[in-house]
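Input: a single structure, listed below in structure tokens.
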Amino acid sequence: MPSEQWTHPEPGDGPAAVAAQPSPEQVIAGLRATSEGGAELTQLLTPEGERVPSPQFDKYVEDIDAEALRGLYRDMVLVRRADREANAMQRQGQLGIWVPLLGQEAAQIGSGRALKKNDMAFPSYREHGVAYARGVDMKDLLGIFRCTDHSGWDYQGTGFHPYTIVIGNQVLNAAGYAMGQKFEGKVGDDDGEATICYFGDGATSQGDVHEGFVWAAVYDAPLVFFCQNNQWAISEPTERQSRLPLYQRARGYGFPGIRVDGNDVLACLAVSRWALDECRHGNGPVLIEAFTYRMDAHTTTDDPTRYRLSDELEEWKLKDPIERVRAFLARGGYADQAFFDSVQAEADSFAADLRDYTFNMPEPPPERIFSNVYAEGNPVLDAQREEFLSYLDGFATAGEH
């Protein structure tokens, strides 16, 4: 069987490979055959930083001038620097775990900046860039990974739902929320609302995701399904999970699917704006597959060297989402070295602030775990709290007898 068929077979290319384990040569050949995401990939900035015109999507980024693009570059640099700092802090015992986003900054900042104030985003557990774009203080994310908090932000005010750890479960939550937007008449014009839901390629194998597809399709829910296909569902490559490119799965549910270069912040912004616009006007759900790559481990408990080759990582480094914007800005004379240095200095200061906060983060009192469980008082929960605190008090007074 041709080695190229190990990954993402297009219609007419023949069946997907079915052997139990691809050889290293097959993995690399498959990657190179589809490294740009296929013929239907939407791209506005090449890895070399060259602008690609798009008759369909250029109108969605007409407002993105040089200043706005510098802002997107700044967003990605700050988010990456914060991510690297959090990764280091986990290694130093300050966080219980960390979920890196390295390499996925363009997909998250592009789609996050496409959202309007009244839209709602449902993340999984890796969407630190979307949180930043929605105005969530990144310090509030750290309590989750230090195991001292559930979520410390106002999810209604920011339009950013708490993180979801159960794989794919947020898709059902998002489908229900979007159905509510439809039932309450909040769609139908330019001022309509929309919802976006983030999940990875691995989550597409979960039943919750497919149930969300069904409900959203049946009720024309204003929901954008945003799949960050980073090629590896923990240790399983995408071709082991699907015979077709993931964006083509939308056909079976009766709504459009599109594949975008997930390392191209401009394309992610344009495609997300288009999809959200479709939803807010009442045209039903849309599936976006952001074709990107996870350049770090799945989490800090994972060792990716056990299941993928260094050649793969080196090839994707050439498609770095930040470097392509930097190249475009520099080549066009839209930014000089002083600008790049100032952004890096700001990012370092941003990371240092997060680090100082984490190292001095106060430990919450034991009763904190009972807070904000219900909107109003609950006698059962109150009884559990009193019993638990009484139990802890027993340890404090044990030495007095």
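When F370 is tested against the conditions (1) more than 30 Å from G202 (Cα to Cα); (2) not assigned by TED's automatic domain parsing to the domain that holds R385, the lone failure is (2). Counting only helices (runs of 4 or more DSSP H) wholly contained in the stretch 320-401, the ones carrying 2 or more residues that are surrounded by 13 or more Cβ atoms within 10 Å (Cβ to Cβ) and more than 29 Å from the chain's Cα centre (by Cα) occupy 379-397.
Results for (1) of a type in the set (K, R); (2) out of contact with any Ser or Thr (no Cβ under 8 Å at 6 or more places or on another chain), shown as yes or no for each residue.
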residue	(1), (2)
V224	no, no
N230	no, no
I234	no, yes
P237	no, no
R240	yes, yes
R243	yes, yes
Y247	no, yes
P256	no, yes
N263	no, no
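Would you mind finding the one in Q94, Q43 that is assigned by TED's automatic domain parsing to the domain that holds Q156, farther than 28 Å from E278 by Cβ and at pLDDT 95 or above? If you could, list the steps in order and put the result at the bottom.
Values: Q43 fails: farther than 28 Å from E278 by Cβ.
When all the criteria are applied, what remains is Q94.
Listed by position, the helices (runs of 4 or more DSSP H) inside the stretch 114-161 whose residues that are of a type in the set (A, V, I, L, M), in the same structural domain as Y177 (by TED's automatic domain parsing) and buried (at least 16 other Cβ atoms within 10 Å of the Cβ) number at least 1 are 128-133, 139-145.
Restricting attention to the stretch 240-283, the residues that are polar (S, T, N, Q), at pLDDT below 95 and crowded, with 20+ Cβ neighbours inside 10 Å total 0. Any chance the stretch 247-257 includes a residue that's farther than 30 Å from G185 by Cβ, in contact with a Pro (Cβ under 7 Å, 6 or more places away or on another chain) and in the same structural domain as Y177 (by TED's automatic domain parsing)? No, every residue in the stretch 247-257 fails to be farther than 30 Å from G185 by Cβ, in contact with a Pro (Cβ under 7 Å, 6 or more places away or on another chain) and in the same structural domain as Y177 (by TED's automatic domain parsing). Considering E193, E184, the condition of being free of Cβ contacts under 8 Å to residues at least 40 places away in the same chain, among the charged types (D, E, K, R) and farther than 24 Å from R368 by Cβ is satisfied by E184 alone.
Remark: A297 matches the filter, which requires a residue to be among the aliphatic types (A, V, I, L, M), assigned to a loop (DSSP other than H, G, I, E, B), in contact with an Asp or Glu (Cβ under 9 Å, 6 or more places away or on another chain) and surrounded by 14 or more Cβ atoms within 10 Å (Cβ to Cβ).
Being of a type in the set (A, V, I, L, M) and not in a loop (DSSP other than H, G, I, E, B) is a property that holds for A290.
The values are calculated or read from the model by the stated rules, or taken from the named source; none is laboratory data. What you are looking at is a predicted structure, and each value in this text was computed from that prediction instead of being measured. Heads up, the Cβs are rebuilt from the backbone with ideal geometry, glycines too, and the neighbour counts pull from every protein chain shown.
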